[in-house]
Amino acid sequence: MNRKQLHRLGLRAGPALDAAVGACIAAARAGLSRAEIRRAVQAIIDNPHTHQDDPIWSPVALALLGPEAAVAVDSGSEAPWRSWGHELDPASIRQMEQACRLPIAVRGALMPDAHVGYGLPIGGVLAT
């Protein structure tokens with residue numbers, strides 16, 4: 001589908017329209033027919049929440065939902081990390097623990113010179 005056709009379905013200029021153009025190309029390459037693509041786009045416009053995890057259409061759904069759809073998720077488990085210093089600042093330790101709970105965290109380390117930073121402590125190392 002082109003931009004004009006997508007606009008007729010209800011998409012306005014902006015991130016959602018840009019994402020829809022790319023998703024339509026990806027869907028066509030995946031073998032979907034024009035009718036299937038049109039139905040999929042209409043379904044996403046009608047209810048973007050149900051398409052947030054779709055491998056092709058999630059960029060469109062997330063663009064329609066806007067920034068409020070992006071939510072930080074606590075993985076429920078903490079990546080292992082090691083402290084290389086003694087008498088470290090408790091706030092930097094809490095920051096490291098919090099960073100290691102991120103879903104992308106694999107391992108972490110806190111160096112002897114650690115102190116509070118923005119998100120990750122200065123002197124903190126996080127493998128992703």
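Bear in mind these aren't lab numbers, they're just calculated from the coordinates by the rules spelled out. A quick note: this is a predicted structure, and the numbers were derived from the prediction, not measured. Every residue, glycine among them, receives a Cβ derived from its backbone with ideal geometry; neighbour counts consider all protein chains shown.
Observations on the structure shown:
- Calculated log₁₀ intensity ratio I(q)/I(0) where the Debye formula runs over C-alpha points of region 3-69, q = 0.16, 0.20, 0.23 Å⁻¹: -0.44, -0.70, -0.94
- Listed candidates (1) 26; (2) 34; (3) 47 - label of the one calculated as percent of Cα pairs over 26 Å apart: (3)
- Region 81-127: radius of gyration over Cα atoms, expressed as a fraction of 2.2 N^0.38 Å: 0.97
- Annotation: the antiparallel percentage among DSSP beta bridges lying fully within region 81-127 is about 60.
- For G117, the residues 5 or more places off, or on other chains, whose built amide H falls under 5 Å of its own are I122.
- Separation between Cα centres of region 1-26 and region 109-128, rounded to whole Å: 42
- Packing-based exposure ordering (other Cβ within 10 Å, fewest first) of I93, I44, I122, I37: I122, I93, I37, I44
- For the chain, modelled as a GNM whose springs connect Cα atoms under 10 angstrom apart, the maximal fluctuation among V116, V60, V41 occurs at V116.
- Cα-based helix-to-principal-axis angle, 34-46 vs the chain, degrees rounded to 10: 60
- Neighbour-count ranking [beta-carbon atoms within 10 angstrom, fewest first] of E36, E87: E87, E36
- Less than 5 angstrom separates the built amide H of R107 from those of A127, all sequence-distant by 5 or more or on a different chain.
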